[in-house]
Amino acid sequence: MKKILVLFPKDWDRLELSRPEYAGRYRFVYAGFDIFRFPENARLLNFDVFRFVNEVVARYRRERIDGVFSNNEYFGALVAAVIAEKLGLPGNDPRVVITAQHKFYARRKFAEIAPEASPRFAAFPYSVKSRAEFPFEFPCFVKPVKATYSVLARRVDSFEELRRHLSFWPLEKYIIKRLVKPFNDLLPWYTDYSIDAHHMLAEEVLAGQQVNLDGYVHDGRVRVLGIIDEHMYPGTTAFRSFEYPSRVPAEVQARMAALAEKVLAGVGYRHGFFNLEMAWEPVSGRLRVIEINPRMASQLAYLYEWVDGVSPYHMLLELAAGEAPRLERHAPRFRAAASFALRKFDGKPLTADPTPEQLERVRRDYPEARLMLYLKRGTSLAREMKWLGSYRYAVVNLGAGSSDDLHQRFHALRRQLFQESDFAAGLSVPAPSAARR
């Protein structure tokens, strides 16, 4: 039995790894906390990455362990790479993980490797005070050089709008500093990068269809699992759904896979799962690389299992244990699958939270569905509205026999759990621009 350490486990990780099929083959041990779940995330306030790494390394030098991984993008994937290196376990190079996660230095690498697929960009500090100090033109898309879940990522059309976007209350400033502190603390240990995570990135506004390209690298060889289409709420850059299989033409998908291999090889990515985002402009045919996330997109793993009959988690665990992943295919259950993100843009809490009876009925009527609730009130709701312009209150993963049936089933499930007025608040949204990032 392989013993696998899971760092900063996400709700999707715990759901998947609790399945009985892993019993007898793997034993899972956990360390760290979920930064998106209260009260676990309160531990962020006094989290010391060096103490955490030293304690974990000391423990598992005494106790046998076969592998370590994390699907947490903020600092879990980097910490897992550091611990793997210190324990001599299979893992990616921490330096490569830092480069992939640091959106400015990743952009510099992309520009070297594939200039034709790289938008123009520039870094600037959060504290930028005047238009003369801002190194880019408007409109542009801005985002932190280190973040996840599109936090503080948006299009801005003027410097005044940018300053409003970067105007924070003292508590917000403190939380942002704590979120990036582990990354900043490890940055000088593995790189000579001078721009730390207290910076933002400005870049061209990209148009076209945005996709996720998922796969893994083993011994430097890239294997693409598939391409998932991303759909936004109209007029925003907030994700509405991730739908598989992609409707992008096969020839374009082949070009995307070739570009992914080129970029991953260029940054030195040699081990582990990746989630690479791209944009395709149908009129010009141009591809643009948005970013590499150096971990598995756990929210999307079920889509590949349902449609293709493959399990990304099985392959992830084999990689963690130093084994070549086996692309075992089982009978697919559906012809289409999606992960739907339910969001509200009006800043108000749900009219009514789902009841236990409603949840039980959904489990009975949609046994394959995977539902995550992120119910928010008060300051956490207000903060997500400020940082994202909306807030996510649920994610629903669902499969069906066709794309049309998939959407019909989703709307029927949604009606069982949430008020129509709450769902409408996610459809009638402010629309500064329909351009994608």
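Descriptive notes on the structure:
- Straight-distance crosslink candidates among lysines, where the alpha carbon sits under 29 Å from LYS262 and sequence neighbours closer than 8 are dropped: LYS86, LYS103, LYS109, LYS143, LYS146
- The distance between label points at VAL57 and GLU85 comes to 1.0 nm (points 7 Å beyond Cα on the Cα→Cβ vector).
- Anchor LYS348: aspartates and glutamates whose Cα lies under 15 Å away (excluding residues fewer than 8 positions away in-chain): GLU384, GLU420, ASP422
- Taking GluC sites (Glu not before Pro) across segment 328-394, the ones in a DSSP loop with at most 12 further Cβ atoms lying within 10 angstrom of their Cβ are GLU328.
- Accessible-area order (highest first, 1.4 angstrom probe) of the listed residues HIS198, HIS271, HIS330: HIS330, HIS198, HIS271
- Global form of the chain, assessed from the alpha-carbon gyration tensor, a/c cut-off 1.5: rounded
- When the chain is described by a simple charge dipole with +1 on each Lys and Arg Cβ and -1 on each Asp and Glu Cβ, the residue from PRO367, SER241, VAL96 located farthest towards its positive end is VAL96.
- Accessible-area ranking of THR191, THR351, largest first, probe 1.4 Å: THR351, THR191
- Accessible area per residue for segment 1-79 is 46 Å², calculated with a 1.4 Å probe on protein heavy atoms, without ligands, DNA or RNA.
- Shape category assigned to segment 160-251 from the gyration tensor of Cα positions, a/c cut at 1.5: oblate
- Segment 288-437, dipole about Cα centre (Lys/Arg Cβ +1, Asp/Glu Cβ -1), debye to the nearest 20: 520 debye
- Low-density loop positions, trypsin sites (Lys or Arg not before Pro), segment 319-400 - DSSP coil, at most 11 other Cβ in 10 Å: ARG326, ARG329, ARG377
- Charges were assigned to the Cβ only: +1 to each Lys and Arg, -1 to each Asp and Glu. The resulting dipole of segment 67-215 about its Cα centre is roughly 420 debye.
- Anisotropy class of segment 326-392 from Cα gyration tensor, a/c 1.5 cut: oblate
- GNM flexibility winner over the chain from PRO332, PRO139, PRO367 (Cα, springs under 10 Å): PRO367
- Taking all protein chains as shown and a probe of 1.4 angstrom, MET372 keeps an accessible surface of around 20 Å².
- Each Lys and Arg contributes +1 and each Asp and Glu -1, all at the Cβ; summed about the Cα centre of the chain, the dipole is approximately 780 debye.
- Of the solvent-accessible surface of segment 177-221, computed with a 1.4 Å probe and all protein chains present, 47% belongs to carbon and sulfur.
- Positive-end residue, segment 171-211 charge dipole about Cα centroid, Cβ charges, pick of LEU186, MET200, ILE176: ILE176
- Ranked from largest to smallest solvent-accessible area, with a 1.4 Å probe on the protein heavy atoms, THR237, THR355 come out as THR355, THR237.
The values are calculated or read from the model by the stated rules, or taken from the named source; none is laboratory data. Because the structure is a prediction, the values reported are computed rather than measured. No Cβ is skipped: glycine too gets one built from the backbone with ideal geometry, and neighbour counts run over all protein chains shown. Side chains are part of the model used for accessible areas, which takes the heavy atoms of the whole protein and leaves out ligands, DNA and RNA. Shrake-Rupley method; radii C 1.70, N 1.55, O 1.52, S 1.80 Å.
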